[in-house]
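These notes are about the structure you will find just below.
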Amino acid sequence: CTPRVELAMPSEPITINLNVKIDHQIRVKVDQQLDELFNDESGLF
Amino acid sequence: SLSLINSAIAGSLNYHSKLLTANIKNGQLSAPVLIDGLQSYVPAVQNWSVEKGSINYQLNASYNLQKKTGYVKSSLQGQDIAGQKGTILFDGLTFNSDTDFEIKSANVHIKQGQQQLMVDNLFVGVPIQAMQIDAHNSAGITVIDEFSAHLLGGEVTLENLKIQPQSSSSLKLSGLSLSEIIKYSAYPAITANGLLDGVLPLTLTSKGLNIKKGVIFARAPGGYIKVPQDDVVKKMASTHPTFAFTLRLLSNFQFDTLQGKIGYTADGEIDINAEIHGVNPDVSGVQPVKFNYSHTENMLKLLESLRFSDELTRQIQENY
Amino acid sequence: LELSDAKQQGLVGERVDGLLGVVETSLEVTELVSSINAQRLAVYKQIAEKNAMTLDQVSVLAGEKAIKKTPKGQYIQNTAGQWVIK
C-alpha cells in the first residue's frame, strides 16, 4: 500500500508576545544634561 | 506695535442720549501686523510668528451708559494665514467667526456665535491636511459640531463635543495606513501594509481629553508586518532566545485580523493592546500565529521630538 | 587659544556628531579641538551609562543640541558634512 501523507492542520496557534515601552523621559533627562555641557560656563562649548 | 493696528481701524463712533454706538463696515488687517502688534500685550501669542494672511472684520456695538447694558456683534474672516506656533507649523489657515456678545455692567459674555476654522496644512510632528472645525456658542457653552482632518493616509472625524469638563463624544478613525503610522514611530525601518479603522470614545477633563476603551481593527483582508533582521534586531535576538523566535516570526508576518484596544490620558500617555492573527509563510508555514503586542508611550513627547528633529533638519537645510 | 575666540574667528565649528571640528587647521587649533573633544567624550560616556544609552546615541543628541545652540555667524557642519555659517 502506498503510504498516505496526511497534512494535518496544526491546531493550536503559536502565541508570541511583545511588550514595548518607549520612554521619552530619557530624551528629556539627557537633554538637560547636555544643556549643562553646552553653555558658556562649561568651557566646552 | 499697537499703533500699527490703530491706524488700520476706521469706523464710525457716535454718542447720542446716553447711547454709545460704534460701527465698522469692513476693516482689513494684515495677520502678521496684528500678531506682531499683539505680541507684547498678549502672552498667549508670544510664541506665534505669522508670515502671511489677512483678516477682514465688521463690527457694530451699542452700549447704554445709563442702564450699563449693550451688545457687540462681531464678524471676522481670516484668509490664507500661514506661520508657526512654537514648532507647530500651519499654512492655508482660514476662519469665519460671527459672534454676538452681551454686555451687562462690567462683564461681557457670548450670547451666541458660529465659528469655523479650516487649515490646509498643519504640522504637529505628523502632517495633517484639510483640518476643519465647525463650532457654535450658545448659552455660554461652545460646542464642536464637527471636526475632520486627514492624516496618516486616512481620516479622523468627531461630532458634537461640548467644550466643558465631563462632556464626551467619540473620535472615528477611518483608513489610517499602518505603514504611515510606523513611519512616525520609533521603528521606521519596519515595513507594513494594512488599513485601520477605529472608534475612540473620549471624555473631556479639566486637564484635556481622555480616551477609554478605544478600539481599532484592520480592514479585511489584513496586511503584513516585516521587521527587518538588521544588526539592532540581531543583537537583541542574540541576548534573548525567546525573543529571537518572535523576531523571526515578525520578519514576514502576514496577518488577516488585527484588533486593538487603546487608552489615552490627558498627559499624553497612550497604551495599546493589539491581538494580531496571521502566519509567517517562511517560518511556520500555514500554522496560525497569535501575536499579542502591547505598546505604551507618551504621544505628546513623541510629537514634540518629531517636531524638534524636523525643525533641526530645516534649520540645517536653510543655512546653505 | 580660547575656544570662544576660535569660534568667533571661524577656526572651529560644531559637528553633527557632537564633537568640535577643525575649520582652519593650525597646530594650535588642532590641539584645542582634540583637548575639547576628549573632555566632551568623557561627559558623553558618563551620560550614556547613566541613561542606558549608547555613546553614539548621546553623541547624535549632543550634535543636535550643539548645532541648535550655535549662535548665528558661527560654523556648523551640514548633513552633507560641509562647513556652513549658521
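Which value at 222 nm does chain B reach when only helices count, each DSSP H run of 4 or more adding -39,500 (n - 2.57), with the total divided by all residues and rounded to the nearest 500 deg cm²/dmol? Before the final figure, lay out the partial values.
Numbers: 6 runs with 60 residues, N = 320.
Using -39500 (n - 2.57) per qualifying helix, the result is -5500 deg cm²/dmol.
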**Study point:** Using alpha-carbon coordinates, inclination of helix C:55-69 to the longest axis of chain C, degrees
**Key:** 40
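What are the DSSP H helices in chain B that stretch 20 Å or more along their long axis, judged by alpha-carbon atoms, and whose average Kyte-Doolittle hydropathy comes to at least -1.0? Walk me through the numbers on the way to the answer.
Working: long enough: B:299-318 (28 Å, -0.40).
Helix filter hits for chain B: B:299-318.
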Review point. Using the reciprocal of the averaged 1/r over all distinct C-alpha pairs, how large is the Kirkwood radius of chain C in Å?
Key: 13.1
Check your understanding: Straight-line reach from residue B:235: which lysines have a Cα under 28 Å away, not including same-chain ones fewer than 8 places off?
Key -> A:21, A:29, B:183, B:226, B:290, B:301, C:45, C:50
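Need one word for chain B: rounded, prolate or oblate. Basis is the Cα gyration tensor (sqrt eigenvalues a ≥ b ≥ c); a/c below 1.5 gives rounded, then a/b vs b/c decides. Could you put the intermediate results ahead of the total?
Values: a/c = 3.34, a/b = 2.24, b/c = 1.49.
It is prolate, given that a/c is not under 1.5 and a/b is the larger ratio.
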Check your understanding: Per residue of chain C, what 222 nm ellipticity follows from adding -39500 (n - 2.57) for every DSSP H run with n ≥ 4, rounded to the nearest 500?
Key -> -17000 deg cm²/dmol
Point to revise | Virtual paramagnetic centre 7 Å along Cα→Cβ of residue B:104, amide N under 14 Å, in the stretch B:143-164 | key: none
Review point. Pairing the Cα long axis of helix C:27-50 with the longest principal axis of chain C, what angle in degrees results, from 0 to 90 and rounded to the nearest 10?
Key: 20
Check your understanding: Over the C-alpha atoms of the stretch B:1-116, what are the Rg and the largest Cα-to-Cα span, Dmax, in Å?
Key -> 16.0, 52
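For the protein assembly as shown, what ratio Rg/Rh do Cα atoms give with a Kirkwood hydrodynamic radius?
Working: Rg = 28.9 Å, Rh = 26.9 Å.
Ratio value, two decimals: 1.07.
Taking 60 Å as R0, compute the FRET efficiency from the Cβ-Cβ separation of residue B:244 and residue B:162 and round it to 0.05.
Working: r = 51 Å, r/R0 = 0.86.
Calculated value: 0.70.
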Exercise for review: Nearest 5 is fine: what % of DSSP beta bridges in the protein assembly as shown come out antiparallel, could you say?
Suggested key: 95
**Study point:** Whole-number Å³ per residue for the convex hull built on Cα positions in the stretch B:114-212
**Key:** 107
Review point. Given the stretch B:1-129, what count of lysine pairs have C-alpha atoms under 30 Å apart, with each pair 8 or more places apart or on different chains?
Key: 21
Practice item. In whole Å, largest first, what are the principal axis extents of the Cα atoms in the stretch B:176-320? Key: 49, 45, 29
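Rounded, prolate or oblate: which fits the stretch B:69-147 when a ≥ b ≥ c are the square roots of the eigenvalues of the alpha-carbon gyration tensor, with rounded for a/c under 1.5 and prolate only if a/b beats b/c? Mind dumping the intermediate values first?
Values: a/c = 2.62, a/b = 2.27, b/c = 1.15.
Prolate.
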**Study point:** Distance histogram for the stretch B:132-190 (every C-alpha pair counted, 5 angstrom bins, percent rounded to whole numbers)
**Key:** 4, 17, 19, 17, 13, 11, 9, 5, 2, 1, 0
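Computed from the coordinates by the stated procedures, all read-outs in this text should not be read as laboratory data. Just so it is clear, the structure is predicted and the values come from calculations on it, not from any experiment. Every residue, glycine as well, gets a Cβ built from its backbone with ideal geometry; the counts of neighbours run over all protein chains shown.
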